[in-house]
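J.: This structure is in C-alpha cells; I'll ask about it shortly.
The values are calculated or read from the model by the stated rules, or taken from the named source; none is laboratory data. No experiment lies behind these values; they were computed from the predicted model shown. Backbone-built Cβ (ideal geometry, glycine too); neighbour counts: all protein chains shown. Just the protein is used for accessible areas: all its heavy atoms, side chains included, with ligands, DNA and RNA removed. Shrake-Rupley method; radii C 1.70, N 1.55, O 1.52, S 1.80 Å.
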Amino acid sequence: QVQFVESGGGLVQPGGSLRLSCAASGNIFRFYTMGWYRQAPGKQRELVASITSGGRTNYGDSVKGRFTISGDDAKNTMYLQMNNLKPDDTGFYYCNRADGAPFDWGQGTQVTVSS
C-alpha cells in the first residue's frame, strides 16, 4: 500500500506563499492522476488541484491562478506552490489519487492563513 507524507504547511499572512510537498512511498506518479486535497475546518475534503501522469493540470475555481501543482517522478514527490494565500485557504492539505479509489490518507500538513 502506498503511503504519503505531506509537509511544508505553516502560518502565513494573507498574500503570502507556501510550497507544499508530498512524498510517496512508491513510484506512482507516472501511473495515476494525483491531486492535492484541502479540508477546511468543519467542511468536507475537496480536491483543489490535480495532475495527470502526462503532466496535464487542473484546478478548482477557488485556487485557479494562485496555485500550481507539479511533480517529480524521479523523487516520487509532488508539490503545490501556493501564492497570494487567502484566509479561505486555511485547512489541512493532503495528497492522494484523483482518478479513482484513494490510497490510505497521510497525516496532511496544516496551512493557516491569518493576519
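J.: Within the range 64-73, track down each residue that is within 10 Å of the chain's Cα centre (by Cα) and either buried (at least 17 other Cβ atoms within 10 Å of the Cβ) or among the charged types (D, E, K, R) (or both).
T.: Within the range 64-73, Phe67, Ile69 qualify.
J.: State all residues of the range 34-63 that are open to solvent by 30 Å² or more (accessible area, probe 1.4 Å) and polar (S, T, N, Q); if no residue qualifies, say none.
T.: Across the range 34-63, the qualifying residues are Gln39, Gln44, Thr52, Ser53, Thr57, Asn58, Ser62.
J.: In the range 79-96, how many residues are in contact with a Lys or Arg (Cβ under 7 Å, 6 or more places away or on another chain) and surrounded by fewer than 15 Cβ atoms within 10 Å (Cβ to Cβ)?
T.: 2
J.: Something else about it: Report, by residue number, each residue of the range 103-113 that is open to solvent by 60 Å² or more (accessible area, probe 1.4 Å) and farther than 12 Å from Trp36 by Cα.
T.: Asp104, Gln107, Gln110
J.: Got a sec? Which strands (runs of 3 or more DSSP E) wholly within the range 1-97 have at least 2 residues that are β-branched (Val, Ile, Thr)?
T.: Here the list reads 46-51, 67-72.
J.: Would you point out which residue out of Asn27, Asn76 is farther than 19 Å from Leu11 by Cβ and open to solvent by 40 Å² or more (accessible area, probe 1.4 Å)?
T.: Going through Asn27, Asn76 in turn, just one is farther than 19 Å from Leu11 by Cβ and open to solvent by 40 Å² or more (accessible area, probe 1.4 Å): Asn27.
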